Amino acid sequence: MSNASLDIAAAEGAAIGIWPFVAGLVLVALLIGAFWMGARIRRREPAPPRPEEQPRLPDSGPVGEVLENREPHEVPRDGERLTPHRLPAHGNAASRTSPTQTRPRWNEGSSGSFGSGGSGRH
């Protein structure tokens, strides 16, 4: 190999080594730009609420939890296909308070949702 070909190979090696550096500079510029744009968007957002603007408990105290059994309204079985707009409350089936407020429990020896109705023992 002559000196001229070595000089060309050295110049190509230097050019190849520059591209990762340029790509790194572009990446850093993109990250700085994204941070700057995010800061601009954050400045346009409303400020967080002050302590006096925070929600307060009512004078009567916290609202208690209501535990009750609900039962759904029956779906009409007139033989016609029901579409969502024909259901009560536009597809959101309403419910009402159940007359019995005792929670249903599984009977001993019944299958529940796991199988054949055996005792569950092997």
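The values are calculated or read from the model by the stated rules, or taken from the named source; none is laboratory data. Since the structure is predicted, the reported quantities are computational estimates derived from the model, not experimental observations. Keep in mind that these areas ignore ligands, DNA and RNA; they rest on the heavy atoms of the full protein, side chains included. Shrake-Rupley method; radii C 1.70, N 1.55, O 1.52, S 1.80 Å.
Things to note:
- For SER98, the amide hydrogen comes within under 5 Å of the amide hydrogens of ASN69, ARG70, GLU71, counting only partners 5 or more places away or on other chains and with H modelled in the peptide plane.
- The phi torsions of the range 31-38, fed into the Karplus equation with coefficients 6.51, -1.76 and 1.60 and a -60° offset, translate into couplings of 5, 5, x, 5, 5, 5, 5, x Hz, rounded to whole numbers, with Gly and Pro shown as x.
- With every protein chain in place and a 1.4 angstrom probe, the accessible-area ranking of TRP36, TRP19, largest first, reads TRP19, TRP36.
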